[in-house]
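As structure tokens, the structure follows; a few thoughts come after it.
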Amino acid sequence: MQGTAGPIDRAALERLDREDPLAHLREEFNLPEGVVYLDGNSLGPLPRRTPERLARMLQEEWGRDLIRGWTERGWLELPLALGDKLARIIGAPAGTVVVSDTTSINLFKLLTAALRLCPDRRTIITEACNFPTDVYIAEGLLDLLGGGRRLVRIEADEDPAEAVDDDTAVVMLTHVDYRSGRMHDMARITAAAQHRGALMLWDLAHSAGAVPLDLGGCNVDLAVGCGYKYLNGGPGAPAFLYVAERWQHELNQPLWGWLGHAEPFAFEPRYRPAAGIGRALCSSPPIAAMVALECGLDLMLQADPAELRRKSLALGDHFIALVEQECASAGLILFTPREHARRGSQVCFRHPAARPVMQALIAREVIGDFREPDVLRFGLCPLYLRYTDLWDAVAVLREVLPAREVRP
Ligand SMILES: *Cc1c(COP(=O)(O)O)cnc(C)c1O
């Protein structure tokens, strides 16, 4: 379908690197010599600009300005200011995104708010294969609320749109599956959920910075996402959440902290939520971590999203073709859809010896990751990956794969 003609050699990949309009962005990252990094979908690498910017924040802002930093250095505005930068990355209008807390906590806030927006409906729909924390947060919330509410877990081969009924309050899906890299059709599923009166909540952990997004155009209700994967914000970076403008005045999230208050510095005795997206906030932002995330967001905003997607898919096509060419008899089974419209920015294979194979790859400085039960996962991040990296990775993969048993 998106196949490449004839066998691929290293020279062809060198040519693609020379012609790559994004090639210069690799220089923006601190990538250790000799490492092929295929795990930016778990922890993005360090942008070169981050240490210097962080040092300035610590020494000049915190060190010199002390408490005045909150107002004079704009620290207090960072959750909304970074939210507006993120909004550009996910195709959402300004004023609909804040950077705060973690993905799990943001999910808790928005899932609770979603159930409150649909008080007559009792079910949350998700996928059995969803990332565990998403499912646990939903289970914990239902345990807290009771009232006959329940979680419906559909299988990966079922159409989420078909599962929605009159009792569905919210459909909670991860847009790009963390294990297989399969991407859902955001526009179609969102429309189907809303057509049956449910709210749509997307987890963008493996989408933001990885695939072009148009939350506004898809009319999405609610979304959460992660700062330390494709956005390169650093380990445990703050996460983000999105609330469509139409829901903001009704949004009742459960963590009524002072920074979500209409007037935090009036120190009023009772909670009154802020008017807009600010009511989704709870507490003081971690400024050093916010500043590090901002470096990652600024870098992402330097790249044209259409170019990023084109390169991400080309990396994926070449990686699949190379593995099939070089490791044909090794028993690897492609787990990621080949079809572009159904693929995120990672390529995964299943193999019975996936765990030791990944350990051997990492020992040889080809860093991907293993996911239960038998998945070799390779993140292909177009900001810094070279086409020749694919060649080098597959050469090592071929060497570390066990010789296949010969069956009669
Ligand atoms: C990575 C990831 C998370 C991370 O959650 P944290 O709260 O940051 O630990 C959540 N959901 C999905 C789908 C993820 O891929």
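The values are calculated or read from the model by the stated rules, or taken from the named source; none is laboratory data. Only a predicted model underlies this, so the values are computations on that prediction, with no experimental measurement involved. In this analysis, Cβ positions are derived from the backbone assuming ideal geometry, glycine residues included, and neighbour counts consider all displayed protein chains. Ligands, DNA and RNA are excluded from the accessible area calculation, which covers all protein heavy atoms including side chains. Shrake-Rupley method; radii C 1.70, N 1.55, O 1.52, S 1.80 Å.
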Hand me the list of helices (runs of 4 or more DSSP H) wholly inside segment 37-111 holding 2 or more residues that are within 16 Å of the ligand (Cβ to nearest atom) and crowded, with 20+ Cβ neighbours inside 10 Å. 78-90
Can you spot a residue in segment 348-360 that is of a type in the set (A, V, I, L, M, F, W, C), in contact (Cβ under 8 Å) with a residue 60 or more places away in the chain, in contact with a strand residue (DSSP E or B) (Cβ under 9 Å, 6 or more places away or on another chain) and part of a strand (DSSP E or B)? yes
Can you go through LEU204, LEU142 and tell me which one is free of Cβ contacts under 8 Å to residues at least 24 places away in the same chain and either farther than 27 Å from GLU372 by Cβ or buried (at least 18 other Cβ atoms within 10 Å of the Cβ) (or both)? LEU142
Just to check your reading of the model, which residue among VAL176, VAL164, VAL170, VAL135 is open to solvent by less than 50 Å² (accessible area, probe 1.4 Å) and touching a Leu at 6+ places or on another chain (Cβ under 6 Å)? VAL170
For the structure I just gave you, tell me whether GLU19 is open to solvent by 50 Å² or more (accessible area, probe 1.4 Å), in contact (Cβ under 8 Å) with a residue 12 or more places away in the chain and in the same structural domain as GLU339 (by TED's automatic domain parsing). no
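I'd like to verify a number: residues in segment 150-181 that are of a type outside the set (Asp, Glu) and out of contact with any strand residue (DSSP E or B) (no Cβ under 7 Å at 6 or more places or on another chain), how many?
2
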Against the conditions (1) in contact (Cβ under 8 Å) with a residue 60 or more places away in the chain; (2) touching a Leu at 6+ places or on another chain (Cβ under 6 Å); (3) closer than 25 Å to LEU31 by Cβ, where does THR336 fall short? Just the number, please. (2)
